[in-house]
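Read the structure below first, then the notes.
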Amino acid sequence: MPIYLDYNATTPVAPEVCQAISESLQHHFGNPSSSHSLGQAAKESIDRARIQVAAMIGADDSEILFTSGGSESNNMAIKGLLHQKSSEPGHLIISAIEHPATVEPANYLQRWGIEVTVVGCNTSGVIDVEEIENAIQPNTRLVSIMHANNEIGTIQPVAEISTICRQRGVLLHTDAAQSIGKVRVDVNELGVDLLSIAGHKLYAPKGVGALYIRSGVELEKLVHGAGHEQGRRAGTENTPYWVGLGKAAELITNSIDQRLAHLSQMRDILLSRLSELIDSPLTVNGADVNRLPNTLSVNFPNVIGSELLAASPGVCASTGAACHSGETKLSATLAAIGLHPEIAKGTVRLSVGTPTTPGEIEQAATLLAKAWASLQ
């Protein structure tokens, strides 16, 4: 069985979540819009799930909208706000290290006349707050900045950005797909108006997520039809998966401190062992700033990341650059932090999870070190 160190890509479904989904499939098959007992039982299970998700991020349950995942949540927040009728084209601000689920909606809006400004970050991968402040215009309607970067794990100063946005009367959206379940996330502490959640990043299934919409914020609908989800998202409710997301949220609420401590310990042991086993200096992207406790973006010297992972098939992880015909194509994040292509070609993202054990860490470090040595 390979050692899984790619939890930032996706997570296994927690056993408790599987059980909740199975029970829902068996017992809550009624249509939640139906008035009979089976329909109302399904509706009640969704109501509970909504409360669980809201509790995880310090929101009111009326502010939680279930979606099919992080991409839909981002699209709904960004398009839903900027596509509203206005006397003048709006303006959107994003960063250079956003996930494609934010970048692509922004690109789409540009084709409709929406102006988009992309702000940069420093060499550690932290977004420049002052640059955001300077980018705000009279027609700026939304700033969308991820809470934590999916590649190098840097946590962004969302609360500081929120202060600026409130002073200027601009709404703020954050993609929290990577941070939830790894650090504490509270919408009021962050001061955000919109927040995206992806189920498969927090031990729920793929194909389910949620969008926090602060009370009073209005969005244009993406999916039109019947009046599901407070009239904001048409389509018969995916009861089992929403129940599963609720259970995953409850597990996080009840164990976030223990998770954070475990993830930090596993990540730090992994780096320590790699540094001991590889007789050449390793560098870590974002190491000098606040970052996710589970994420290790490490630059292996004198190798190509994809070849290193191919030489260690017992480890499942991700690379940060694609190398073809002698050329290195950096990811958007590695390019934004100014990482030299010669260094970036050896970048590997190792992300641990709650099931990760010390034994797995030791074995993974050994396999990676042996693979590195074989490529010298």
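Worth pointing out:
- Checked against (1) of a type in the set (D, E, K, R); (2) closer than 23 Å to Ile256 by Cα; (3) in contact (Cβ under 8 Å) with a residue 24 or more places away in the chain, Glu88 passes all but condition (2).
- If the condition is being touching a residue at least 12 places away in the same chain (Cβ under 8 Å) and surrounded by fewer than 24 Cβ atoms within 10 Å (Cβ to Cβ), then the stretch 166-186 contributes Arg166, Arg168, Val170, Leu171, Val183, Arg184, Asp186.
- Residue match in the stretch 22-33 (condition: out of contact with any Ser or Thr (no Cβ under 7 Å at 6 or more places or on another chain), under 26 Å from Arg259 (Cα atoms) and not in a helix (DSSP H, G or I)): no
- Some residue of the stretch 230-239 being among the hydrophobic types (A, V, I, L, M, F, W, C) and crowded, with 19+ Cβ neighbours inside 10 Å: no
- Residues that are farther than 19 Å from Leu334 by Cβ, in a helix (DSSP H, G or I) and in contact with a helix residue (DSSP H, G or I) (Cβ under 8 Å, 6 or more places away or on another chain), drawn from the stretch 91-125: Pro105, Ala106, Tyr108, Leu109
- Test: residue in the stretch 35-50 that is at pLDDT 95 or above and in contact with a strand residue (DSSP E or B) (Cβ under 7 Å, 6 or more places away or on another chain): yes
- Complete set of residues in the stretch 25-45 that are of a type in the set (A, V, I, L, M) and either buried (at least 20 other Cβ atoms within 10 Å of the Cβ) or free of Cβ contacts under 8 Å to residues at least 12 places away in the same chain (or both): Leu38, Ala42
- Picking from residues in the stretch 277-308 that are in contact with a helix residue (DSSP H, G or I) (Cβ under 8 Å, 6 or more places away or on another chain) and part of a helix (DSSP H, G or I), the one that is surrounded by the most Cβ atoms within 10 Å (Cβ to Cβ) is Leu308.
Quick grid of which residues meet (1) outside any loop (DSSP other than H, G, I, E, B); (2) out of contact with any strand residue (DSSP E or B) (no Cβ under 8 Å at 6 or more places or on another chain); (3) modelled with pLDDT under 95; (4) not assigned by TED's automatic domain parsing to the domain that holds Ser351:
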{"site": "Glu160", "(1), (2), (3), (4)": "yes, yes, no, yes"}
{"site": "Leu172", "(1), (2), (3), (4)": "yes, no, no, yes"}
{"site": "Glu189", "(1), (2), (3), (4)": "yes, yes, no, yes"}
{"site": "Val192", "(1), (2), (3), (4)": "no, no, no, yes"}
{"site": "Tyr203", "(1), (2), (3), (4)": "no, yes, no, yes"}
{"site": "Tyr212", "(1), (2), (3), (4)": "yes, no, no, yes"}
{"site": "Ser215", "(1), (2), (3), (4)": "no, yes, no, yes"}
{"site": "Glu220", "(1), (2), (3), (4)": "no, yes, yes, yes"}
{"site": "Ala226", "(1), (2), (3), (4)": "no, yes, yes, yes"}
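- Checking each residue in the stretch 182-227 for being closer than 17 Å to Thr253 by Cβ and among the basic types (Lys, Arg) picks out Lys182, Arg184, Lys201.
- Residue list for the stretch 63-99, filter: more than 24 Å from Cys121 (Cβ to Cβ) and charged (D, E, K, R): Glu63, Glu72, Lys79, Lys85, Glu88
- Boolean, Gln137 is in a loop (DSSP other than H, G, I, E, B), in contact (Cβ under 8 Å) with a residue 12 or more places away in the chain and not acidic (Asp, Glu): yes
- Unmet criterion (only one of (1) farther than 20 Å from Asn122 by Cα; (2) modelled with pLDDT under 95; (3) in contact with an Asp or Glu (Cβ under 9 Å, 6 or more places away or on another chain); (4) not hydroxyl-bearing (Ser, Thr, Tyr)) for Gln376: (3)
- Selection from the stretch 259-284 of residues that are of a type in the set (Lys, Arg) and either under 20 Å from the mean Cα position of the chain (by Cα) or under 22 Å from Met56 (Cβ atoms) (or both): Arg259, Arg267
- Note on the stretch 69-127: residues that are surrounded by fewer than 15 Cβ atoms within 10 Å (Cβ to Cβ) and either within 22 Å of Ala234 (Cα to Cα) or of a type in the set (Gly, Ala, Ser) (or both) total 6.
The values are calculated or read from the model by the stated rules, or taken from the named source; none is laboratory data. This structure is a prediction, so every number in the text was calculated from the model and none was measured. With ideal geometry, Cβ positions are generated from the backbone for all residues, glycine too; neighbour counts draw on all protein chains shown.
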